[in-house]
Amino acid sequence: MLQELASLTALAQFHFVRQGEPLGLGHAVGTARAHVGDAPFVVLLPDDLMHPSSTLLTDMIGAYDRTGKSVVALKRFDPPDISLYGVADVEGPTDGPLVVLRGMVEKPAPADAPSDLAIMGRYLFTPDIFDCIDKIQRGRGGEIQLTDAMALLAAGPGMRGWIFDRGRYDIGAKADFLRASVEFALDRGDVGPDFGRWLGRLVRERGL
């Protein structure tokens, strides 16, 4: 276990930036400007956990390689749940995974949502996003909203969305946290077999 932990330090160089005060996700992303420089970069929100089998990030990088535009992950939600998220306003049909973004709305009422496509916690940005963050004013909750900066980005240099439908766990929600814990445990070679047998017995005993 110690070797596994130590191996993490060889995966990348880690830099930490302290946000200082909770001024919103847009502000948090903006603090990374000195480290990112002029290169495209990815923002991964840790409460959106992706299963290792997911190709979402690879697909988003491929979309950037083809278009040269920033890309955000999108997932469909029913009207009762859509107001929990930033929602994409897209151009044209949405029958394929890659769509053009016209803008976005932060946590709209279901009747006001421009689509059923919610913005998830995976973003691939060009450095243009930093200028957009610098231009916006504080929004909802007195915070610098990343979605406001993304709306500027979509209206200017342009932005794309990549629609996916599986592999995500919202571990800020209790049920998804438990699902992720079970599925990730079952996937592990060291604990999965024993845990799976125990889980199977429990399900049978409870008649689930």
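Quick note: the coordinates plus some simple rules give every number you see, no bench work behind them. Keep in mind that what you see is a predicted model, and the values were worked out from it rather than measured. Cβ: placed from backbone, ideal geometry, glycine included. Neighbour counts: every protein chain shown.
May I have the convex hull volume per residue, in Å³, for the Cα set of the range 22-170? Each step should come with its number before you reach the end.
Details: hull volume 17.1 nm³, N = 149.
Each residue corresponds to 115 Å³ of Cα convex hull volume.
Hydrophobic, long helices, defined as DSSP H runs whose alpha-carbon span along the helix axis is 15 Å or greater and whose mean Kyte-Doolittle value is at least -0.5, occur in the chain at 56-67, 174-187. Restriction of the trypsin sites (Lys or Arg not before Pro) in the range 1-80 to DSSP coil positions whose beta-carbon has at most 14 other beta-carbons within 10 angstrom yields ARG18.
With Cα atoms defining each centre, the range 145-166 and the range 1-44 are spaced 21 Å apart in the structure.
I want the antiparallel fraction of DSSP beta bridges within the chain, as a percent rounded to 5.
Working: 22 of 27 bridges.
Antiparallel: roughly 80 percent of the beta bridges in the chain.
About the centre of its Cα atoms, the range 1-92 shows a dipole size close to 240 debye [charges on the beta carbon of Lys, Arg (+1) and Asp, Glu (-1) only; nearest 20 debye].
Note on GLN137 and ALA10: with the Förster distance fixed at 41 Å, the Cβ-Cβ geometry gives a FRET efficiency of about 0.45.
Most tightly packed first, judged by the mean number of other beta-carbon atoms within 10 Å of their residues, the peptides 117-130, 19-32 read 117-130, 19-32. In this structure, the amide hydrogen of TYR85, modeled 1.01 Å from its nitrogen in the peptide plane, lies closer than 5 angstrom to those of LYS107, counting only residues at least 5 positions away or on a different chain. Taking amide H as placed 1.01 Å from N in the peptide plane, LEU98 has its amide H under 5 Å from the amide H of ILE163, each at least 5 places away in sequence or on another chain. Mean residue ellipticity at 222 nm, helices only, the chain: -10500 deg cm²/dmol; runs of at least 4 DSSP H residues each add -39,500 (n - 2.57), and the sum is divided by the number of residues. Report the FRET efficiency, 1/(1 + (r/R0)^6), for LEU45 and ARG201, where r is their Cβ-Cβ distance and R0 is 35 Å, rounded to 0.05. According to the calculation, E is roughly 0.45.
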